[in-house]
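First up is the structure itself, then whatever we jot down about it.
The values are calculated or read from the model by the stated rules, or taken from the named source; none is laboratory data. Keep in mind that what you see is a predicted model, and the values were worked out from it rather than measured. Note that we place each Cβ from the backbone using ideal geometry, even for glycine, and neighbour counts take in every protein chain shown. The protein model used for the area step is the full one, side chains on, heavy atoms only, and it has no ligands, DNA or RNA in it. Shrake-Rupley method; radii C 1.70, N 1.55, O 1.52, S 1.80 Å.
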Amino acid sequence: MPSSLDLLSDAVRRLERENLRLKRIGITLLVVIAAILVMGQSPSTRTVEAESFILKGSDGNVRARLGTKDGSTEFVFYNDAGQSRVAIKSDADGEGLEMRDDSGELLATVGVALQKTPKLSPSTSTIAALGSIAGPGVVLQATKEVAIVRVSDKGGHRVWAAPPQP
């Protein structure tokens, strides 16, 4: 005849087995519920909003900046010294692309309606290759009415210009 200690020991083992079985069932149920919830979610779209985004290199220097200010938008790329080298700009006056040398001097520009003058249509397109802002340079401009080609010397004086053809 089994002793009371043996009976108690058997009862404890049976309870431990039942407890382990209930834990396994509970964990399995939680995993199934979590899987159903995760699979049931629709893919979310994510929008990030900011007035400016700054891209830094591994050295911590700013390499590019995308930002808005006073109704204009700029995407500017910088050199190792932090000077603006290439800029894409858009504002109420038009859109443009600027390229600069290491000292910040404007070398070339491509723009639409950036150089409005009373003589030209408000939809002026310009391509300019410049030695500096004051010249020498080659400028091509076109509107709906006229096309202009001019070459300037180092002082910015017109050396040659094609006569405008309407």
**Report entry** Failed item, numbered, when residue 142 is tested on (1) modelled with pLDDT under 85; (2) under 30 Å from residue 50 (Cβ atoms)
**Finding:** (2)
Report task. Identify the residue in region 43-53 that is open to solvent by less than 100 Å² (accessible area, probe 1.4 Å) and in contact (Cβ under 8 Å) with a residue 12 or more places away in the chain and, among all such residues, is farthest from residue 73 (Cα to Cα). Result -> 53
Query raised in the report: Is it the case that some residue within region 57-75 is open to solvent by 50 Å² or more (accessible area, probe 1.4 Å), under 22 Å from residue 129 (Cβ atoms) and among the aromatic types (Phe, Trp, Tyr)?
Result: yes
Report task. Just one of (1) closer than 30 Å to residue 135 by Cβ; (2) open to solvent by 80 Å² or more (accessible area, probe 1.4 Å); (3) part of a strand (DSSP E or B) trips up residue 90, so point out which. Result -> (2)
Query raised in the report: Within region 135-166, can you find the residues that are outside any loop (DSSP other than H, G, I, E, B), over 19 Å from residue 110 (Cβ atoms) and not charged (D, E, K, R)?
Result: 159, 160, 161, 165
Query raised in the report: Of all the strands (runs of 3 or more DSSP E) wholly in region 1-81, which have at least 1 residues that are under 30 Å from residue 100 (Cα atoms), more than 15 Å from the chain's Cα centre (by Cα) and modelled with pLDDT under 85?
Result: 62-69
